[in-house]
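Single-structure report; data block below.
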Amino acid sequence: MTSVGRRLGAILLGSYLVLFFLYLESPLLIIFLTSFSRGASLTFPPDGFSLHWYARLWDYVHDAAGLQPGLVASAWTSVWLGASAMAGSVVVGVLVAFGLRRYRFRGHALVRQCFLLPILFPQVVIGVGLLLWFSAIRGVPSWLRLVLGHLILTLPYVIVTAGASLDTLDEKLEEAAMNLGANRLQTFWHITLPSIRSGIVSGALFAWLISFANFTVTFFLYSGEMRPLPVWIYENLQRVIDPSLAALSTLVVLLTLVVLLIMNRLVALGRLVGLRG
Amino acid sequence: MSLAGVSAPPAPPRSRGGAGAHRTGRRLPWGGVLFLPGALVIGSLLVACLILFRYSLNAWDPVRTMVTSWTGANYLALVRDPVVRRAFIETLRIGVTVTLVCLVLGYPVAYGISRSRKRALLMFLLVAPLLMDALLRSFGWLVMLGHHGLVNVLLTGLGVWASPKRLIYTPLSVIIEMIHELIPFMVLPIASVLERIDPTLHEAAMNLRAGPVRAFWFITLPLSLPGVLAGTLLTFALAMSAFVAPLILGGGNVLTMTILIQQQMLTTLNWPLGSAESIALVLVVLAVLTAYGRQARRIARGSA
């Protein structure tokens with residue numbers, strides 16, 4: 001009886017998990033399916049199969065008449081913005097993570113909390129706060145507003161990933177280098193940095209993704225000439241929604257997925273969230 | 001998304017004596033330089049908040065917009081203004097609903113993940129949607145909940161509904177999207193607690209002739225409550241500050257605190273009131289997050 005009951009329980013739990021993950025991934029699956037539909041309406045199931053919404057995307061790329069212009073510019077803005085936020089937060093974040101590991105001082109936990117605060121801080125408030133500040137001092141170019149906003153968002157993720165790598169690093173390696181006459185800087189550059197390489201790379205990819213996917217903070221800081229991709233998509237959602245937007249979204253999702261898979265290889269996502277993966 | 005606080009592994013014990021000692025503690029004045037660039041970045045968030053606080057004490061005039069002064073009128077308005085009150089109640093209502101549904105739907109998922117052998121894969125599937133553009137997820141729901149979308153087609157096809165219902169641009173669609181968006185934050189803390197429960201406890205209960213249901217009810221469930229509390233607080237805090245779901249799926253019909261702030265700042269240009277609303281939102285969210293942080297640390301120490 002018990003073994004039958006147990007097996008039944010396992011089957012029930014297993015089917016629930018399958019259903020749950022189907023549900024969890026369903027919006028992305030639906031976008032994927034819709035992008036291949038033939039008709040212009042967003043119906044389910046999609047009426048027929050075609051690739052012409054991807055061809056339509058090509059019209060957007062060429063800024064064809066009657067379409068919302070600026071797709072390519074927006075995509076470049078997003079890529080470039082992500083790269084800037086990534087570069088900045090990697091340099092700054094690795095220093096902070098290193099400092100947090102090396103030095104114990106009063107208020108250590110509090111300082112760490114402060115650096116991680118933006119992860120959970122209401123993004124609307126980050127957005128409007130920076131917006132009001134920048135309109136008060138004027139003359140701040142829009143690229144600088146966006147980079148600073150995104151730097152605030154991405155920094156904590158680099159600190160977490162680099163910190164997780166540093167925690168696994170054996171201090172004896174660094175001590176050995178110092179005993180052999182390397183100074184602090186040489187040790188950091190030749191021993192510490194190379195040993196946490198995977199943590200740094202995955203932190204960098206993390207930072208890029210967070211920046212690339214951010215809408216809320218971007219929404220309050222963008223300007224006419226600096227319009228990252230999520231804002232472009234938002235403006236299109238306000239107009240006519242047709243499957244070409246689904247085609248674009250599919251490409252964005254695929255790009256994100258590739259970056260995520262690379263990250264997952266470097267540091268299992270589960271390990272970062274404190275599970276034993 | 002919160003990767004950090006969910007349950008950061010505690011730092012490994014450090015050697016106090018010997019070769020390591022000369023690097024600890026004493027040199028912090030110089031080591032502080034390491035934190036300087038980071039402090040500038042996080043400091044700018046602080047400056048932004050201070051500016052919001054200062055503006056929240058200013059007065060507002062429809063013609064001259066913001067007028068410099070020192071008044072508490074905006075904070076009084078938070079309590080008295082019927083629109084603000086309605087937005088606050090709506091935010092609470094959505095937040096509580098979303099959190100409860102996440103708990104009910106998420107607990108079995110956390111249990112399944114903690115027992116599964118494919119944990120790494122499931123973790124990837126759980127966390128991956130979080131790193132997708134929030135706008136795309138909302139777009140997906142817009143398509144699924146549309147008049148001819150999956151949900152309407154399925155439910156009318158099965159005969160549950162006689163005709164398709166209007167789902168998008170209603171509070172219900174906002175709630176549906178937010179459950180989807182936030183459920184991983186409920187699952188993660190619960191799974192990380194469940195996974196640490198010694199399985200022999202469950203077996204011991206079974207050996208003492210408690211059925212699987214009784215063993216779960218009296219052993220596993222009580223031991224997992226710290227994770228439930230952490231997940232509930234985290235999910236609720238994030239639900240209070242959600243913006244994309246009410247913006248896209250609310251379509252102007254759902255007024256939450258975040259949407260109200262957006263309108264005050266960008267449309268009515270009532271910066272003082274918008275600032276007061278922002279400060280109030282931050283205080284509420286930080287209060288919940290502090291409780292969550294305490295709970296998460298307690299779990300990490302294993303004393304919960």
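What follows draws every value from the coordinates through simple rules; no lab data is involved. Please read these numbers as outputs of a predicted model, since none were measured by experiment. Neighbour counts run over all protein chains shown; Cβ positions are idealised from the backbone, glycine included.
Working from the alpha-carbon coordinates of region B:102-245, get Rg over Rh, Rh being the Kirkwood radius.
Computed over Cα atoms, the ratio is 1.07.
B:Arg196 to A:Ala40: FRET efficiency via 1/(1 + (r/R0)^6), r the Cβ-Cβ distance, R0 41 Å, to the nearest 0.05? If you can, show how the numbers build up before the last one.
Values: r = 52 Å, r/R0 = 1.28.
Result of the calculation: an efficiency of 0.20.
Of B:Val254, B:Val285, B:Val101, which has the largest mean-square fluctuation in a 10 Å C-alpha GNM of chain B?
Ranking B:Val254, B:Val285, B:Val101 by mean-square fluctuation puts B:Val101 first.
Return the distance in nm (one decimal) between the two label points of a simple spin-label model at B:Arg209 and B:Leu76, each offset 7 Å from Cα along Cα→Cβ.
Taking the simple label geometry, B:Arg209 and B:Leu76 are separated by 7.1 nm.
Taking only the alpha carbons of region A:69-239, what extent do you get along each of the three principal axes, in Å, biggest first?
Answer, in whole Å and largest first: 64, 34, 27 Å.
Could you check which residue among A:Gly82, A:Gly127, A:Gly48 shows the biggest mean-square fluctuation in a GNM of chain A with a 10 Å Cα cutoff?
Greatest mean-square fluctuation among the candidates belongs to A:Gly48.
What dipole magnitude, in Debye to the nearest 20, does the protein assembly as shown give about its Cα centre under +1 on Lys/Arg Cβ and -1 on Asp/Glu Cβ? Present the calculation step by step, with values, prior to reporting the outcome.
Details: 44 positive and 22 negative charges, 388 e Å.
With Lys and Arg at +1 and Asp and Glu at -1, about 1860 debye.
If the elastic network links every pair of Cα atoms under 10 Å, which of B:Leu36, B:Leu283, B:Leu229 fluctuates the most in the Gaussian network model of chain B?
So, out of B:Leu36, B:Leu283, B:Leu229, the one fluctuating most is B:Leu36.
Summing -39500 (n - 2.57) over the DSSP H runs of n ≥ 4 in the protein assembly as shown and dividing by its residue number, what mean residue ellipticity at 222 nm do you reach, to the nearest 500 deg cm²/dmol?
Working: 26 runs with 401 residues, N = 581.
That calculation yields -22500 deg cm²/dmol at 222 nm.
Taking the inverse of the average 1/r across all pairs of different Cα atoms in region A:1-93, what Kirkwood radius in Å do you get? Let's see the in-between values first.
Numbers: mean 1/r = 0.0558 Å⁻¹.
Result for region A:1-93, one decimal place: 17.9 Å.
Given the C-alpha atoms of the protein assembly as shown, compute the convex hull and give its volume per residue in Å³.
186
Might you report the magnitude of the Cβ-based charge dipole of region A:69-239 about its Cα centre, with Lys and Arg at +1 and Asp and Glu at -1, to the nearest 20 debye? Let's see the in-between values first.
Working: 12 positive and 7 negative charges, 62 e Å.
Around 300 debye, computed over region A:69-239.
Bins of 10 Å, beginning at zero and ending with the bin holding the largest distance: percent of Cα pairs per bin for chain B, please.
In whole percents, the pair-distance histogram is 6, 19, 25, 24, 16, 7, 2, 0.
Which helices, counted as full DSSP H runs in chain B, have an axial Cα extent of no less than 18 Å and a Kyte-Doolittle average of 1.0 or above? List each step's numbers first, then the result.
Values: long enough: B:28-56 (38 Å, 1.74); B:82-115 (49 Å, 1.05); B:171-194 (33 Å, 1.75); B:221-240 (28 Å, 1.73); B:271-301 (43 Å, 0.76).
Those that pass (Cα extent of 18 Å or more, hydropathy at least 1.0) are B:28-56, B:82-115, B:171-194, B:221-240.
Could you let me know the centre-to-centre spacing of region B:146-221 and region A:3-45, using Cα atoms, in angstrom?
Distance between centres, Cα-based: 14 Å.
Could you give the DSSP H helices of chain A that reach 30 angstrom or more along their long axis (alpha carbon positions) and whose average Kyte-Doolittle hydropathy is no lower than 0.5?
Working: long enough: A:2-34 (46 Å, 1.47); A:71-102 (45 Å, 1.37); A:142-168 (40 Å, 1.20); A:243-266 (35 Å, 2.02).
Counting only whole DSSP H runs, the qualifying helices are A:2-34, A:71-102, A:142-168, A:243-266.
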